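Have a look at the structure below, then the notes.
Each reported figure results from applying straightforward, stated rules to the coordinates on display, with no laboratory input. Since the model is a prediction, treat every value here as computed from it, not as a measurement. Cβ coordinates were reconstructed from backbone atoms using ideal geometry, including for glycine residues, and neighbour counts include every protein chain displayed.
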Protein chains: 4
Amino acid sequence: MVCESLIKAAIIGGTGYTGSELSRLLSVHPNVDLVALTSRQNEGKLVSEVHPFLKGYTDVRFTASLDKVSDMDVVFVATPHGVAMESVPGLLETGVKVIDLSGDYRLKDIALYEKWYGHVHRDPENLLDAVYGLPELFRSDIKGANLVANPGCYATSAILAIAPLMKSGSIEDDVIIDSKSGTSGAGMVPSPRLHHPFCGEAIIPYSIGTHRHTPEIEMAVGMFSQKRPNVVFSPHLVPVIRGIVSTCYMKLKGGPVDVGKVYEEQYGNETFVSLVDEPSMRSVVGSNHAEVGFKIVGDTVVSFGVLDNLVKGASGQAVQCMNLMFNMDEASGLNFPGLGV
Amino acid sequence: MVCESLIKAAIIGGTGYTGSELSRLLSVHPNVDLVALTSRQNEGKLVSEVHPFLKGYTDVRFTASLDKVSDMDVVFVATPHGVAMESVPGLLETGVKVIDLSGDYRLKDIALYEKWYGHVHRDPENLLDAVYGLPELFRSDIKGANLVANPGCYATSAILAIAPLMKSGSIEDDVIIDSKSGTSGAGMVPSPRLHHPFCGEAIIPYSIGTHRHTPEIEMAVGMFSQKRPNVVFSPHLVPVIRGIVSTCYMKLKGGPVDVGKVYEEQYGNETFVSLVDEPSMRSVVGSNHAEVGFKIVGDTVVSFGVLDNLVKGASGQAVQCMNLMFNMDEASGLNFPGLGV
Amino acid sequence: MVCESLIKAAIIGGTGYTGSELSRLLSVHPNVDLVALTSRQNEGKLVSEVHPFLKGYTDVRFTASLDKVSDMDVVFVATPHGVAMESVPGLLETGVKVIDLSGDYRLKDIALYEKWYGHVHRDPENLLDAVYGLPELFRSDIKGANLVANPGCYATSAILAIAPLMKSGSIEDDVIIDSKSGTSGAGMVPSPRLHHPFCGEAIIPYSIGTHRHTPEIEMAVGMFSQKRPNVVFSPHLVPVIRGIVSTCYMKLKGGPVDVGKVYEEQYGNETFVSLVDEPSMRSVVGSNHAEVGFKIVGDTVVSFGVLDNLVKGASGQAVQCMNLMFNMDEASGLNFPGLGV
Amino acid sequence: MVCESLIKAAIIGGTGYTGSELSRLLSVHPNVDLVALTSRQNEGKLVSEVHPFLKGYTDVRFTASLDKVSDMDVVFVATPHGVAMESVPGLLETGVKVIDLSGDYRLKDIALYEKWYGHVHRDPENLLDAVYGLPELFRSDIKGANLVANPGCYATSAILAIAPLMKSGSIEDDVIIDSKSGTSGAGMVPSPRLHHPFCGEAIIPYSIGTHRHTPEIEMAVGMFSQKRPNVVFSPHLVPVIRGIVSTCYMKLKGGPVDVGKVYEEQYGNETFVSLVDEPSMRSVVGSNHAEVGFKIVGDTVVSFGVLDNLVKGASGQAVQCMNLMFNMDEASGLNFPGLGV
């Protein structure tokens, strides 16, 4: 591949965990030139000084904001909810493609957004055009998108497990999702809950019924299956760094259904979603791979969605979307296995 | 209390985690003299050599079997399922009281035992008389018992959360229990699943729908509430050493019910079960205390049972039962707080 | 023991980890009545609300400051370095005995204090009378003390391993101490270094050669052995919550010496320090017990000091000192074994 | 590079952690075709069934032994010490290049081997020709080698920190190495020490003065610097999965020396060894990168070697050696950053 064809990419908000993970993936992506990262607090510093694992992989310095957006092909927005929608409209006007990793463009229903996020949505126009960036379910939409709303980590793990069954018509509407997440999902800002002596030997349920991924899961499964589920969602923090297991409980309606076949038909040809007998978190950690598995207990299907919250649950999925948006091999730059051990 | 009144206690199977935890608790119990522990592999060794944390707390040596049972007041049986029922009948014949920490005397229905445990029950007579040793629900029965079947760790955590609501008549029969346990619950024998590089950064669902605590929970809740639930039980291993959080999902029937009041009436006067807003595993770890908490999400009650699987989930509860069986202060030897940090 | 004889104790700074651990120990101490705890941020709240593991063990509320000090027998000062010496002089004037858990009264040499702590010492008079509170080495001094400077956690673990050998005259002056500590030693305030995603799978050397326990170890070993060592001290943070292992390297002078006998003579009769072949951190965690062990490699003695940094390394040792200061059984309220598992 | 030029590689002992990590690296190496893996216990099974993270990356099945070695270019031997030297001579006779990851060909001195490994060396001839595979120190030798003895994980971390200073002539001969390792270094076979409830919250010193990497470090530093150090080596197990920090204590002779410059001159142009102010284990975990850093405390240099024990400490370094042996880009297949988080 010749140099001219490299996609020029930038990251707004390159200091946090999703921004840093994006820089890790993009700095070795064979088709990408990572040309800019912004960070107010680190302005002027080498990216490799702030993220020492990137020493030798990038010589870019953080800037306070993006210049020359017109020279770029894609901008990843890795700023907090509410902040992203400040910069997205301007970016789109320049013609650059945008992938937003916050929650600002995920919920199509503005009233729902404002209820769950607690503030007014200030970019309803672009919200209309935004595509929910879960490639295994919405691939063709992503290919044509100018603005992708990258899914949440919990949401991705649960949607992968629920959507095919909901679409098959074989399960009831009520779905219980009991998720267990590693701590990196909570971001890089120290807090009492993430303080090691507090969480290092604890299992911590939180935001039961109030977590923002609840309406996101309901919407995405609904869009895919034409049937919106009623979700009870319970996240738990557990002392691992990377990784989510979402255990999903769905009641079978009672008709004949081959659950394994439903999943197989949905994911049999996918590179990044495998149907497994026994979920294995360490098999996906460090990679863009996800696993889906299930057991049937009486009339209940217990399904698992397993992934690395920073890769398939965030930055890796964003890269996967970028690959689609630019008609590249969907696996480019992501084609490596999980750590295993 | 004068010296003559010390209760003479022995432990059969003193090497494993429940046996070792029992010896830790009994060696400082103000009303107990721990006179004997058996272990075939450690016969002749000082208990404090095998369990170095007991140095200075006991000078007993392991024996291969119990002599002079007639001199004892209580024997704790901490051997594996299927092995316990070999020794229990003989012990009971001598007149000693017995607390069995295995699953052998928990399920009143022999057919159910044989289905879930995979072998014939060889002591159906004593099974009839065995009392399920969960003091907060079956206190008066325990006081008069000669044989107590000490509950399972997962079972205790779930039953505490479910039983009061089921008894109140306010919830449907179908109950989903999603449990997360520390690794000490799996015992002291090394195995691939408990190998640190395998489980140290993983969340591992296992035995979905096939775990033996399923019928135990159904039975115990049924006995207490006169209403047997249908349980879907999913245990998960997480990388902490001690502690269980069981997240229980129950659907409200729809009539008026004050869930908090139901729990408060059940546990308001209990020493070892607290009703809390936010569960805190570290508050109970190292102690016999348990916590119950809940959230209501739509028509679903999400309840938590939290405890230390080796104490309230096993050996501490056994000591609590012993205290009741001998008309002592129920909290004797257990009256200390969890680690907190 | 009759009620009148209970020692009235208070804690200044009851919110942090050492204060909370003190409250855990004192609330079940058979000879102590914990009458007051201060906390500006939690003024008016129940202690058991802030520290939920104390529910049922104390009904005291936090106050902003101590009233009626004259009614008390002992005050534990658990405030940060530099703050403690603000309150200690006033307390001592009332005649109450004081145990300070900060570093303010540990270094007898004011110039050394000001060099390592970076500020002026404002209470040099009481510093003269303060006794270094390591009972196994300075028991008789502690018995008569009005002000005890409770040792640092790292310091205790290293001093126990080094002091007897230094006193025996068999080792050179240069000592290397490589310590590994659990994260609770760093206190309860969240920080980037203690953020779980940062430290949960990392080994973090820090403050090499600049940690304040360096001069403390040199001083305490020097006082005990009449020979001040030259210490190179390297602390490391590892992802456990409680526990320190200090690995100490000392060069033998070459004359005949029985290292095991030196330790045995020093600690053979001690309740809380055991000489062991293989150190076992879990045997001491949760308790006031410490372990010392050693190997000889060529002409180097590699010695270990192992303890729970919050108990024998802080609050437990403070209680042990209190017991001595009030002529009680030294082990009162501390006479229970470590967790083991 | 065209397809015909792919190097055909095989792994003997493909089930264990080093074998599995090799398969993870080689299956995505752009210049390698991984054609065979042996495993007696998994004979006939798909590699991707045993190592599920390789699903989609290899369709090779395990065989009991290697056929058609003559078709291969390189064989990695990942069997235990003592077993490797059974297969190496036959492999070399076929003309294939061999990289042995065991300790069988590391110690040039047969007497030393037999003393530390406890059995006779049965292939002294090939031992003579084996090259110690630490590229940063012995690059030119590795390029011409037919048999490479891949270094141990602890050894690599310590040698990188010690060798340049020893060669500079500025330090004394006595070196203390205090190493802390993640648990994956101990291999995949479950054992009491690696059982999660035992090691999950513990710091475990072991094999003090008796670990086999002691003579390996002495030999390799000696070969490189023409000056053999006297090493006291203390390994410790800590509850992380991947990663080693070796803290090395060396005494400066006293002449003028710029320690930073010594390291900079040695590693300034290296791809995989960085000189850092603050070591960061998470920056190297998952990658072939290592870090070296130091502090000077009085006349003592405290140096750190940091790496991922399974990559730079084992399988990654083996791939780096292979790249050199076949005149490829030394970083081929290894040119990706550590996890960071």
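Some points to look at:
- In the stretch B:3-151, lysine pairs with alpha-carbon atoms under 23 angstrom apart (chain gap of 8 or more, or interchain): 11
- For the stretch C:134-144, putting each phi into the Karplus relation 6.51 cos²θ - 1.76 cosθ + 1.60 with θ = phi - 60° gives couplings of 10, x, 5, 10, 10, 4, 5, 4, 5, 4, x Hz, in residue order, rounded to whole numbers and with x for Gly and Pro.
- Each other copy holds its own label point for D:Ile110; taking that point as 7 Å from Cα along Cα to Cβ, the gaps run 7.0, 7.2, 8.5 nm, nearest first.
- On Cα atoms only, tilt of B:153-168 relative to the major axis of chain B in degrees: 40 degrees
- Inter-copy separations for D:Gly298, label at 7 Å along Cα-Cβ, nm, ascending: 1.9, 6.8, 7.0
- Dipole in debye (nearest 20) - the stretch D:129-246, about Cα centre, beta carbon charges: Lys, Arg +1; Asp, Glu -1: 240 debye
- Note that the stretch A:15-69 shows a convex hull volume over its alpha carbon atoms of 77 Å³ per residue.
- Starting from the label point of D:Asp258 at 7 Å along Cα→Cβ, the same points in the other copies fall at 5.5, 7.3, 7.8 nm, in ascending order.
- When chain C is treated as a Gaussian network with alpha carbon springs shorter than 10 Å, the biggest mean-square fluctuation among C:Asn126, C:Asn327, C:Asn309 belongs to C:Asn327.
- Ratio of Rg to Rh over the stretch D:3-129 (Cα coordinates, Kirkwood Rh, two decimals): 0.99
- Rounded to 0.05, the FRET efficiency of the C:Asn335 and C:Ser140 pair, given R0 = 22 Å and the Cβ-Cβ distance, is 0.55.
- The distance between label points at A:Thr210 and A:Lys253 comes to 3.6 nm (points 7 Å beyond Cα on the Cα→Cβ vector).
- Antiparallel bridges, percent of DSSP beta bridges restricted to the protein assembly as shown (to nearest 5): 45 percent
- Against the main long axis of the alpha-carbon atoms of chain B, helix B:316-325 sits at an angle near 80°.
- Over the C-alpha trace of the stretch B:143-239, radius of gyration and Dmax come out as 15.4, 47 angstrom.
- Summed side-chain charge close to D:Leu334 - residues other than D:Leu334 whose Cβ falls under 14 Å, Lys, Arg +1, Asp, Glu -1: -4
- Estimated FRET transfer efficiency (B:Glu172, B:Asp33; beta-carbon r; R0 51 Å; 0.05): 0.55
- About its Cα centre, the dipole of the protein assembly as shown is roughly 0 debye, where the only charges are +1 on Lys and Arg Cβ and -1 on Asp and Glu Cβ.
- Within chain C: Cβ-based charge dipole about Cα centre, in debye rounded to nearest 20 (Lys, Arg +1; Asp, Glu -1): 520 debye
- Considering the stretch B:154-311 at the alpha-carbon level, its Rg and Dmax are found to be 15.5, 50 Å.
- Cα centroid separation - the stretch C:272-341 against the stretch D:216-285, whole Å: 33 Å
- Expressed to the nearest 5 percent, the antiparallel share of DSSP beta bridges inside the stretch C:38-175 is 10 percent.
- Scalar couplings 3J(HN,Hα) for the stretch C:221-235, obtained by applying the Karplus form with A = 6.51, B = -1.76, C = 1.60 to θ = phi - 60°, are 4, x, 4, 6, 9, 6, 8, 8, x, 9, 9, 9, 10, 10, x Hz; x denotes Gly and Pro.
- Label-to-label distance, nm, for residues given as C:Val83 and D:Lys108 (7 Å Cα→Cβ offset): 6.0 nm
- Nearest-ten-degree value, helix A:17-26 long axis tilted from longest Cα axis of chain A: 70 degrees
- Database remark: amide H of D:Asn230 closer than 5 angstrom to the amide H of D:Asp174, D:Val175 (H placed geometrically; neighbours at sequence offset of 5 or more, or on other chains; Pro and chain starts carry no H).
- Remark on the protein assembly as shown: Rg and Dmax equal 31.7, 92 Å (Cα only).
- 5 angstrom amide H check on B:Val32, placed H, neighbours 5+ away: B:Ile7
- Residues D:Glu278 and A:Asp71, FRET efficiency given R0 of 41 Å [Cβ-Cβ distance, rounded to 0.05]: 0.70
- Nearest-to-axis residue in chain B, judged by Cβ distance to the rotation axis that brings B onto C and given in whole Å, is B:Gly286, 3.
- 5 Å-binned pair-distance histogram of the stretch C:192-276 (Cα, whole percent): 3, 10, 14, 19, 19, 15, 11, 6, 3, 1
- Only alpha carbons enter this Debye calculation for chain C, each as an equal point scatterer, and the log10 of I(q)/I(0) it gives at q = 0.06, 0.13, 0.14 Å⁻¹ is -0.20, -0.97, -1.13.
- For a label point 7 Å along the Cα-to-beta-carbon line of A:Lys227, residues of the stretch A:260-277 with backbone N under 19 Å: A:260-267
- For B:Phe76, residues with placed amide H under 5 Å, excluding near neighbours: B:Ala10, B:Ile11, B:Ile12, B:Ile99
- The alpha carbons of the stretch A:68-134 occupy a box of 37, 20, 19 Å along the principal axes, longest dimension given first.
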